[in-house]
Amino acid sequence: MKHNQSKTLARNLRADATTVLFQILEQGKSARECLPAMQLLHKDQDKAWLQEMVYGVLRQLPLLQYWLRHLLETPLKNKFKITEHLILLGFYQLAFSRVSQHAAVSETVNACHSLRVEAMRGLVNGILRNFIRNETSSNKPDDEQINSGLPKWLYKKLAQAYPENFLGLLAQIESKAPIWLRVNRKQIAAADFQQKLQEHAIDFSLSSHHPDAIILTKSMDITQLPGFEQGWFAVQDGAAQLAAAYLAPQENQKVLDCCAAPGGKTGHLLEVADNLDLTALEIDHQRANKIEENLHRLGHQANLLIGDASQPQTWWDNQQFDRILLDAPCSATGIIRRHPDIKWLRKATDIQSLVAIQQAILDALWPLLKINGSLLYATCSILPEENYQQIEHFLSRTPSAKLDPDFPHDKHHPGRQILPGEQQMDGFYYCRLIKSGENNA
Ligand SMILES: C[S@@+](CC[C@H](N)C(=O)[O-])C[C@H]1O[C@@H](n2cnc3c(N)ncnc32)[C@H](O)[C@@H]1O
């Protein structure tokens with residue numbers, strides 16, 4: 001134990017934050033893959049600091065890089081490349097954090113040792129001192145894309161899709177998302193859970209649009225909240241909590257939850273209706289384990305299938321479903337405020353292939369739906385091509401598919417596009433389709 005502790009204390013936080021940034025930005029790993037592993041090596045308060053620094057740099061990356069181009073004439077290469085990420089972290093501390101100037105410079109320079117770029121100490125020191133001396137942090141370019149924190153391709157796409165109140169949208173994408181909980185009504189009544197939180201002096205607010213939701217006022221370690229082990233609640237954004245109400249499964253119905261991992265919506269569906277015959281389908285083995293784990297904690301059960309939604313002949317038993325939830329793989333552009341690494345991991349060229357996958361899954365699943373049954377199409381994207389345009393194309397080639405007139409469609413397009421920040425929710429898209437018996441194709 002003592003041995004472990006001294007190991008923990010010996011780690012250099014800035015070097016570790018830089019390593020995570022390098023893994024995300026140069027090696028294409030997701031923050032989910034590399035940040036928790038690094039956090040494990042640190043004590044609690046440093047875990048939060050690591051995340052704040054990594055996410056902070058990812059949020060402000062274009063501006064930090066703009067400053068770097070001003071202060072570093074020749075880009076660094078090969079084994080020294082990581083030094084650029086260390087300098088960006090230094091800029092972030094100086095311009096956006098409460099770290100003192102002295103600590104920001106000296107500790108960032110010291111990180112060169114742990115990163116094995118000792119030869120770069122002088123360069124890092126010089127650049128950070130120039131940054132302070134020239135008051136570089138007040139040098140903001142006259143370029144909205146750089147100041148928006150978004151990559152060029154995404155900035156252009158969103159400017160085109162949302163010309164009205166575009167600046168408001170950008171501000172929301174750059175803001176931090178609140179933590180939403182969903183009370184597991186099969187385990188505890190919402191009012192009782194609220195009382196438990198009050199007894200533990202945990203501040204929260206409620207949402208008039210979400211009967212099962214609690215919004216925490218401050219972020220905290222969720223596993224320390226009352227009832228975590230007993231499955232009294234799940235962490236789930238408010239937009240994702242709308243899926244259960246929009247699909248509205250009824251007692252004893254046969255339901256397919258497609259693309260289900262980690263099972264957030266699966267759990268909710270099992271909470272809103274009794275005795276569902278629910279099949280959760282997921283393509284990825286490891287992610288499917290997460291569904292099992294999450295359902296187990298909440299005290300729920302479902303039939304879990306590993307399979308490709310676009311190939312039902314490999315897993316379907318020919319019994320049609322009353323309800324299908326298709327939570328399609330997507331660009332995840334609606335949840336950038338929660339996962340800022342998405343901005344840099346997604347590329348413009350990914351969108352076309354995602355649209356093709358969504359289209360293939362929609363077409364493959366439609367025959368699995370009973371006549372008069374409904375399919376809820378969902379994405380956590382804010383790009384029209386993955387959302388209302390995808391649905392318009394589907395409707396035009398599928399005569400038996402109709403828009404459900406009882407669904408709260410947007411004024412000008414099929415489905416409901418939720419933008420980040422709307423009623424504190426993530427960006428999401430939903431559209432409910434019903435299968436008519438007239439043109440059964
Ligand atoms: C948006 S996430 C689903 C989130 C989940 N519904 C929830 O609420 O927790 C999309 C999931 O679809 C899975 N997936 C991607 N392509 C798939 C396919 N062709 N068939 C089945 N699952 C797929 C991914 O592995 C991922 O777990």
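What is the distance in Å between the Cα centres of the range 273-346 and the range 360-390?
14 Å
How big is the range 242-435 along each principal axis, measuring the range of its Cα positions in Å and listing the largest first?
Principal extents (largest minus smallest coordinate, Cα): 39, 38, 34 Å.
Can you list the trypsin sites (Lys or Arg not before Pro) in the range 355-441 that are in a DSSP coil and have 13 or fewer other beta carbons within 10 angstrom?
Qualifying residues, ordered by number: 411.
Looking at this model, which pairs from 254/347; 157/290; 29/77; 79/176 are more than 31 angstrom apart at the alpha-carbon?
254/347; 157/290; 79/176
Search the structure for amide H atoms under 5 Å from the amide H of residue 400, placed 1.01 Å from N in the peptide plane, and list their residues when 5 or more places away or on another chain.
HN-HN under 5 Å from residue 400: 441.
Taking the Cα atoms of the range 1-127, report the difference between the largest and smallest coordinate on each principal axis, in whole Å and largest first.
Reported extents, whole Å, longest axis first: 47, 30, 28.
Tally up the carbon and sulfur contribution to the accessible surface of the chain as a whole percent, 1.4 Å probe, everything protein left in place.
Here it works out to 48 percent.
Highest GNM mean-square fluctuation, the chain, Cα pairs closer than 10 Å: which of 237, 143, 363?
Greatest mean-square fluctuation among the candidates belongs to 143.
For the range 76-126, which trypsin sites (Lys or Arg not before Pro) are in a loop by DSSP, counting at most 15 other Cβ atoms within 10 Å?
Here the sparse-neighbourhood loop sites are 77, 98, 116.
Hey, what's the chain come to in accessible area per residue, 1.4 Å probe, Å²?
Per-residue accessible area for the chain comes out at 48 Å².
Let me check something: with ligands and nucleic acids excluded, how do 217, 136 order by accessible area (1.4 Å probe), largest to smallest?
217, 136
Considering every Cα-Cα pair within the chain, what fraction, in whole percent, is farther apart than 29 Å?
53 percent
How large are Rg and Dmax for the range 329-441 when calculated on the C-alpha trace, in angstrom?
Considering the range 329-441 through its Cα atoms, Rg and Dmax are 14.6, 46 Å.
When the distances between all Cα atoms of the range 89-164 are binned every 5 Å from zero, what whole-number percent does each bin get?
Values per bin, smallest distances first: 3, 14, 19, 17, 12, 12, 11, 7, 4, 1.
Find, among the chymotrypsin sites (Phe, Trp or Tyr not before Pro) in the range 48-121, those assigned to loop by DSSP (not H, G, I, E, B) with at most 16 other beta-carbon atoms within 10 angstrom.
none
Could you compute the FRET efficiency for residue 129 and residue 81, with r as their C-beta to C-beta distance and R0 at 22 Å, rounded to 0.05?
0.50
Could you name the lysines whose alpha carbon sits less than 19 Å from that of residue 196, not counting residues in the same chain fewer than 8 places away?
186, 218
Which one of 340, 414, 312 has the biggest mean-square fluctuation once the chain is modelled by GNM with Cα springs under 10 Å?
312
Is the C-alpha gyration tensor of the range 179-235 telling us rounded, prolate or oblate? Criteria: a/c under 1.5 is rounded; beyond that, a/b larger than b/c is prolate, otherwise oblate.
Rounded, because the longest to shortest axis ratio a/c is under 1.5.
Which percentage, to the nearest 5, of the DSSP beta bridges contained in the chain is antiparallel?
DSSP beta bridges in the chain are roughly 50 percent antiparallel.
Rounded to the nearest 500, what is the 222 nm mean residue ellipticity of the chain from helices alone, with -39500 (n - 2.57) per DSSP H run of 4+ residues and division by all residues?
-13500 deg cm²/dmol
The values are calculated or read from the model by the stated rules, or taken from the named source; none is laboratory data. What you see is a predicted model; the values in this text were computed from it and never measured. So basically every Cβ, Gly included, is an ideal-geometry build from the backbone, and we count neighbours across all protein chains shown. Just so you know, the surface numbers come from the protein's heavy atoms only, side chains and all, with ligands and any DNA or RNA stripped out. Shrake-Rupley method; radii C 1.70, N 1.55, O 1.52, S 1.80 Å.
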